Amino acid sequence: MPVPIPRQRAIPAAESGQAPAAPKGGPSREDAPRKEATVDNNAATQLTLLVIEDDPGGSTVVPELLDPAGRPIRVRTARNLTEAERLLTDDVHCILLDLALPGSGRTADDDELAVLRHVLELAPRHAVLALTASGDAERGAEAVRVGAQDYLFRDELDGRLLSRAIRYAVERKRSDSAERRLAEGRVRAQENRRLERGLLPTPLLEGSSLRFAARYRPGRSRALLGGDFYDVVRTPDGTVHAMIGDVCGHGPDEAALGVELRIAWRALTLAGLCGDELLGTLQEVLEHERSDDEIFATLCTVDIAPDGRRAGLCLAGHPSPLVARPGRPARLLPYDNNGPALGLLPGARWPRMQVELGAEWSLMLYTDGLIEGHIGQGRERLGQDGMVAMIRRQLSEGLRGEELLRAAVNEVRSLNGGELADDVAVLLLDREG
C-alpha cells in the first residue's frame, strides 16, 4: 500500500467578520490551496497547526483560521501517526488530534486514548487539542487528564472557536513547561543544598574536654559551601587537631577543591601525619586536583597536646590564630615562620612552631574573609588589628562560644555596609581550667 503524501495548506481567516464563515463541514481538501511544507522567516511568531485525522472521504474538520498577528494559521494534515511523525517539526506549535483515529498498535486495545498517549510521547513539547464527538465530554475530559491542553467537539467547530483554542493551548503549554522547569530547578537546588550540607564537616571530638563552635558564610549567593574549609578531629592518643583553609576564589570549583583538601587532611591526620609532612602531602593533592596551575590554598593547622596546655602551629600563607586567656588581652599567635601557601612553591617546607596555651584559653581560627571587609564607605579594611580589637571588646562584654562568633561575623558585615564579597569561616576551641 503506498504511503500517503503529506500536504500543507494556508486558509484565510473567517474570524471577527474579516471573511465569510465556512460551513461546519469546511471546504474540501481539493478546494484548499496547497504548498510545500517550508519554514519562513516568521516561523517563530506565525502559528502552525498539525491536524491528525482519519478522513478517507476527503472532507476536513478544520475551518478558516487566523493567528493573533492577522496572518493565516499554517495547517498541515496527516491521516495516520506515521505521517504525523514525519510532519512533526520544530515549527509546529499545536496538534489537533482526532481521538477516533485508529490506534498505533503500541498500547492495549481497550485503551480508548491509545492514540493520544502515543502523540504525547512523540511530541512532549507541543500543545495538543483533542477532537471528539459532540456530547462525548467525558472522553474529552479524560484526554485533558492524560495530557491534552483542551478538547473540542467535532461538530461544533468554527474559525473563532478553533483559533482561540489553538492560541490558548499554545500559551498554556508554554506556561506548563515554564512551571515544570521552575519546579525542576527547585528540586535541583534542594538536591544541591542537601549535597553541600552533607559536605560540611562534623567535628570528631568524642572524649575531649574542649568546646567547639564554628561559623560559616559562603560568598556565593544562595550557596552553602564556598572555597573556605575547616575541620577538627581527635586522634586516639588524645591530641586534638584543628585546621582551617581557603582556596583562592569562591566559586563551585573552589568549593569542590576545598572539600577534597578537607577530606584529605582528615584522612592524613587520622593516619598519623602532622606538620610539614602533612602539608607537603596536601600540596601534592592540590596540585593533582586543581583545574589551573594558578590556583593555590592557604592553610592553618593546630595540634593541641592531650593535656591541653600547649600546641603545635603550622601556617601556609594563612593568618595566624587568635588566642585569649583570662586576665590577658586577646592576641595573635606568632607568625614569624609562616610558610608559603599550598600550590605556590614546589618542594616548599612549613616549620612547626610550639606555642604555650596555659590552663584556660580560647583559640580562634579564621579565614581572611573576616578581616578583609571594608570599614564604612572608604577603601580601608578591618585588618587583623581591627579584628583583634573587636574580639577583645566582645570578650569584655561577656560573649563566648557561638554567641561570640555570631557577633563577630555580624559586626564585620555591618562595618562592610552589607554582605561580604568573600567566604568567611571561623572556628573556636575553648578550654576551661
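FYI, it's all coordinate maths here, none of it is from the lab. Just so you know, these numbers come straight off a predicted model, no measurement behind them. With ideal geometry, Cβ positions are generated from the backbone for all residues, glycine too; neighbour counts draw on all protein chains shown.
Using θ = phi - 60° and the Karplus curve 6.51 cos²θ - 1.76 cosθ + 1.60, what whole-Hz ³J(HN,Hα) does each residue of region 318-330 get, with Gly and Pro shown as x?
Karplus-based 3J(HN,Hα) across region 318-330 equals 10, x, 6, x, 10, 10, 10, 10, x, x, 10, x, 4 Hz.
Net charge near Gly417: determine it from the other residues with C-beta under 15 Å of the C-beta of Gly417, scoring Lys and Arg +1 and Asp and Glu -1.
-2
Which Cα, out of Gly227, Leu399, Ser414, lies furthest along the positive dipole direction of region 200-431 (beta carbon charges, K/R +1, D/E -1)?
Leu399
Between region 362-382 and region 117-186, what's the alpha-carbon centroid distance in Å?
If we compute the Cα centre of each part, the gap is 58 Å.
Using a cut-off of 15 Å between beta-carbons, work out the net charge of the residues near Asp307 (Lys and Arg +1, Asp and Glu -1, Asp307 not included).
Values: positive: Arg234, Arg309, Arg310, Arg431; negative: Asp237, Asp303, Glu356, Glu360, Glu432.
Around Asp307, the charge tally is -1.
Using alpha-carbon pairs under 8 Å, 6+ residues apart, how would you state the relative contact order of region 274-399 in percent?
Across region 274-399, relative contact order equals 25 percent.
Output ³J(HN,Hα) for region 380-395: one whole-Hz value per residue in order, computed from phi by the Karplus curve 6.51 cos²θ - 1.76 cosθ + 1.60 with θ = phi - 60°, and x for Gly and Pro.
5, 9, 4, x, 5, 5, x, 5, 4, 4, 5, 5, 4, 5, 5, 5
Apply the Karplus parameterisation 6.51 cos²θ - 1.76 cosθ + 1.60, with θ equal to phi minus 60°, to every residue of region 241-247 and state each ³J(HN,Hα) to the nearest whole Hz, in sequence, with x for glycine and proline.
Rounded to whole hertz, the list is 10, 10, 8, 9, x, 8, 7.
Please state the shape class of region 222-381: rounded when a/c is under 1.5, otherwise prolate if a/b exceeds b/c and oblate if not, all from the C-alpha gyration tensor. Working shown, then result.
Values: a/c = 1.71, a/b = 1.14, b/c = 1.51.
Oblate shape, in that a/c is at least 1.5 and b/c is the bigger or equal ratio.
Going by a ≥ b ≥ c, the root eigenvalues of the Cα gyration tensor, does region 382-433 fall in the rounded group (a/c under 1.5), the prolate group (a/b larger than b/c) or the oblate group? Write down the numbers at each step before the final one.
Details: a/c = 2.02, a/b = 1.65, b/c = 1.22.
Because a/c hits 1.5 or more and a/b exceeds b/c, region 382-433 counts as prolate.
Where Lys and Arg each count +1 and Asp and Glu each count -1, what net charge lies around Gly135 among other residues with Cβ under 11 Å from its Cβ? Let's see the in-between values first.
Numbers: positive: Arg139, Arg154; negative: Asp136, Glu138, Asp155, Glu156.
Cβ neighbours under 11 Å give a net charge of -2.
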